[in-house]
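Everything below concerns the one structure shown next.
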Amino acid sequence: MKKFFLDLGKQPLANNFSKKFKKKQTKYNLKLYFDTKSKLVSISKRIPSKVMFNDEYPYRSSMSKTMQKSFNELSKKIKKKFKPRLILEIGSNDGVLIKNFQKKSVIGVEPCKNLAQFTIKKGFKIYDSYWTRKLSKKIKYNHGEFDLIYSANTLTHISNLKDVFSSISYILSDNGVLIVEDPSLLECIKKNSYDQFYNEHIYLFSAISVSLFLKPFNLEIFDIKNLDIHGGSLRYYIKKVTNKKLTISNNVSKQIKKEKKFGLNKLSTYKKFANKAYVSKNKLLKILNKLKNENKKIIGYGATAKAVTILNFCNIDCHLIQNFVDTTPEKINRYMPGKNIKIIKYQPDILKNVDYAFLGAWNFKKEILLKEKKFLKKGGKFITHIPLPRIF
Ligand code: JHZ
């Protein structure tokens, strides 16, 4: 039974950075629900994949050093621990993981053709289609079964999870391993990062919900790792239930216990989280309005999908945050969805005349602070809303 807990208002497509200032933009309800039976947290309005993940999709996984390092380390681990013959990556984006493997040992699935091109051009085999049962049949027919399947920040973006996991189970070899990586619901609730919810994030996974969901597909989690990536992610190592060669690590029950102790299996936890989102909104607006009245120059740092949720939920436009800066070529000179704040190209001296930088990419705080030492030294300050709005 799905129970409502938070209304984040009308939100535009989180990655639809328009070329022109647009007075009117299509917006969709963003309401959050907790399913008391499946323990899944999801959003109500499902937008067709084709609308969200099109051939001009601007998000590039390789735009941060943190991400490159994480994928590089993972590829080494995969090679050493599992020694896979053939790897399938679902949602290969611009190839940040794939490029660490030999061309003959990896196949990617990436429906956004502009992103798929990055790896196709390098000579990798990429299916530029959506992950569906039909595609899994085609890939199995062409390549056989896979002994390692990897997917980061993709499966939570697909509405039909039954189709997702049944297709994976179908194409995964009997002794194969599936590695799934997505933002951790526990970390999201703990950090009050309501901005992890936008129309692309149809679900936010927890170990509780994933373990319940997998059973009918002959799949189970055999290990879990907590990662710092994206504000706290979980990496689930999954195998077939019938595969008794791999043992189940204590990390799985530990994580589930931790989540239950925090209350992820109870609606009341999400209601508290919803109240905190409103507290966070009011506090952020108070800070920004005060600085504006003092004529301070504020810019946004990192034109993230998360920032789109904040701008539209808190009703922040260019009167409060003048511009956003970002390193992604696909976002530069475009406008933040829904609020028309122009995104400008990041350059090392971009913060020269800035007083405050709002951390849209708060999940890369460490990397950004290291890069902006000069700004801080000169008295520049950052604003973050995680876990609650403050200046530092
Ligand atoms: P980042 C995206 O969300 C969308 P976003 C997607 N739906 C998803 O699931 C998550 O990723 C995982 C820029 N930047 O990773 C680069 C700088 O400009 O937090 C990016 O545009 N300078 C697929 O958009 C953005 O910030 C820097 O120094 O919330 C970061 O976006 C750094 C480090 C980043 O994901």
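The values are calculated or read from the model by the stated rules, or taken from the named source; none is laboratory data. As the structure is a prediction and not an experimental result, all values here were calculated from the model. Ideal geometry is used to build each Cβ from the backbone, glycine not excepted, and the neighbour counts take in all protein chains shown. Keep in mind that these areas ignore ligands, DNA and RNA; they rest on the heavy atoms of the full protein, side chains included. Shrake-Rupley method; radii C 1.70, N 1.55, O 1.52, S 1.80 Å.
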Looking for whichever is of a type in the set (A, V, I, L, M) and either at pLDDT below 95 or part of a loop (DSSP other than H, G, I, E, B) (or both) here; the options are Val96, Val164. Which one fits? Val96
Options Lys244, Lys215, Lys240; residue that is at pLDDT below 95, among the basic types (Lys, Arg) and either out of contact with any strand residue (DSSP E or B) (no Cβ under 8 Å at 6 or more places or on another chain) or farther than 22 Å from Lys190 by Cβ (or both): Lys215
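Please count how many residues of region 34-63 are of a type in the set (D, E, K, R), more than 9 Å from the ligand (Cβ to nearest atom), open to solvent by less than 60 Å² (accessible area, probe 1.4 Å) and outside any strand (DSSP E or B). Walk me through how you get there before you give the answer.
First pass over region 34-63, keeping only residues of a type in the set (D, E, K, R): 35, 37, 39, 45-46, 50, 55-56, 60.
Filter again for more than 9 Å from the ligand (Cβ to nearest atom), leaving 35, 37, 39, 45-46, 50, 55-56.
When the remaining residues are screened for being open to solvent by less than 60 Å² (accessible area, probe 1.4 Å), the result is 35, 39.
Narrowing further to those that are outside any strand (DSSP E or B): 39.
The total comes to 1.
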Might you check whether a residue that is more than 16 Å from the ligand (Cβ to nearest atom), surrounded by 18 or more Cβ atoms within 10 Å (Cβ to Cβ), among the β-branched types (Val, Ile, Thr) and not in a strand (DSSP E or B) occurs anywhere in region 136-145? yes
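Filtering region 287-303 down to residues that are without any contact (Cβ under 8 Å) to a residue 60 or more places away in the chain and open to solvent by 20 Å² or more (accessible area, probe 1.4 Å), which residue is nearest to the ligand (Cβ to nearest atom)?
As a first pass, look at region 287-303 and keep what is without any contact (Cβ under 8 Å) to a residue 60 or more places away in the chain: 289-290, 292-295, 297, 299.
Filter once more, so that each one left must be open to solvent by 20 Å² or more (accessible area, probe 1.4 Å): 289-290, 292-295, 297.
Values: Asn289: 25, Lys290: 26, Lys292: 23, Asn293: 28, Glu294: 26, Asn295: 26, Lys297: 18 Å.
Checking each candidate, the answer is Lys297.
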Among Leu161, Leu185, Leu155, Leu172, which is within 12 Å of the ligand (Cβ to nearest atom), aliphatic (A, V, I, L, M) and open to solvent by less than 10 Å² (accessible area, probe 1.4 Å)? Leu155
Boolean, Lys339 is away from the ligand (no atom under 14 Å from the Cβ) and more than 15 Å from Pro389 (Cα to Cα): yes
Within region 80-105, of all residues that are of a type in the set (D, E, K, R) and open to solvent by 20 Å² or more (accessible area, probe 1.4 Å), the one nearest to the ligand (Cβ to nearest atom) is Lys99
Based on what the data block shows, is Lys339 of a type in the set (Lys, Arg) and either outside any loop (DSSP other than H, G, I, E, B) or open to solvent by 40 Å² or more (accessible area, probe 1.4 Å) (or both)? no
Could you list all residues from region 118-135 that are among the β-branched types (Val, Ile, Thr) and surrounded by fewer than 20 Cβ atoms within 10 Å (Cβ to Cβ)? Ile120, Thr132
Candidate set: region 114-135, residues that are part of a helix (DSSP H, G or I) and away from the ligand (no atom under 16 Å from the Cβ); chosen: the one farthest from Asn243 (Cα to Cα): Gln117
Please state which of the following conditions Thr247 fails to meet, knowing it meets all the rest: (1) in contact (Cβ under 8 Å) with a residue 40 or more places away in the chain; (2) over 22 Å from Val41 (Cα atoms); (3) of a type in the set (Ser, Thr, Tyr). (1)
Among the numbered criteria (1) away from the ligand (no atom under 15 Å from the Cβ); (2) assigned to a helix (DSSP H, G or I); (3) closer than 27 Å to Leu161 by Cβ; (4) open to solvent by 10 Å² or more (accessible area, probe 1.4 Å), which one does Ser70 miss? (1)
